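A short worksheet on the structure shown next.
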Amino acid sequence: MTIQQIKESYGSELLTMDGYDDCIEGIVTRVNQTPFIIYNYEKVITKLMKQGMTYHEAVDFHEFNQACVWMGESTPAFLHKIDE
């Protein structure tokens, strides 16, 4: 599903991170709440590392520039998968 299709289905107010469409895991919906996009944390970190960062640099960059940003109810979130 493309970002355009997602926004058509769930609302144009959804916020996205430019250049990270391939890191989207899905959409979170809750009763009486604004839906929001959830990104795969590991995919985001891997993408940053492919841009030349070390793992620790990528984590620091992500925490400071992506994860700490609040832009309203449709601000994206990051999924940290738990392995069994």
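The values are calculated or read from the model by the stated rules, or taken from the named source; none is laboratory data. Please read these numbers as outputs of a predicted model, since none were measured by experiment. Heads up, the Cβs are rebuilt from the backbone with ideal geometry, glycines too, and the neighbour counts pull from every protein chain shown. Accessible surface areas use protein heavy atoms only, side chains included; no ligands, DNA or RNA. Shrake-Rupley method; radii C 1.70, N 1.55, O 1.52, S 1.80 Å.
Values as computed for the structure displayed
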item	result
Whichever residue in region 40-52 is under 22 Å from LYS81 (Cα atoms), of a type outside the set (Val, Ile, Thr) and free of Cβ contacts under 8 Å to residues at least 24 places away in the same chain and, among such residues, is least open to solvent (accessible area, probe 1.4 Å)	LEU48
Restricting region 1-39 to residues that are of a type in the set (Ser, Thr, Tyr) and under 17 Å from GLY72 (Cα atoms), the residue that is least open to solvent (accessible area, probe 1.4 Å)	TYR39
Within region 66-84, considering residues that are farther than 14 Å from LEU15 by Cα and touching a strand residue (DSSP E or B) at 6+ places or on another chain (Cβ under 8 Å), the one surrounded by the fewest Cβ atoms within 10 Å (Cβ to Cβ)	LYS81
Any chance GLU63 is in contact (Cβ under 8 Å) with a residue 24 or more places away in the chain, open to solvent by 60 Å² or more (accessible area, probe 1.4 Å) and closer than 16 Å to PRO76 by Cβ	no
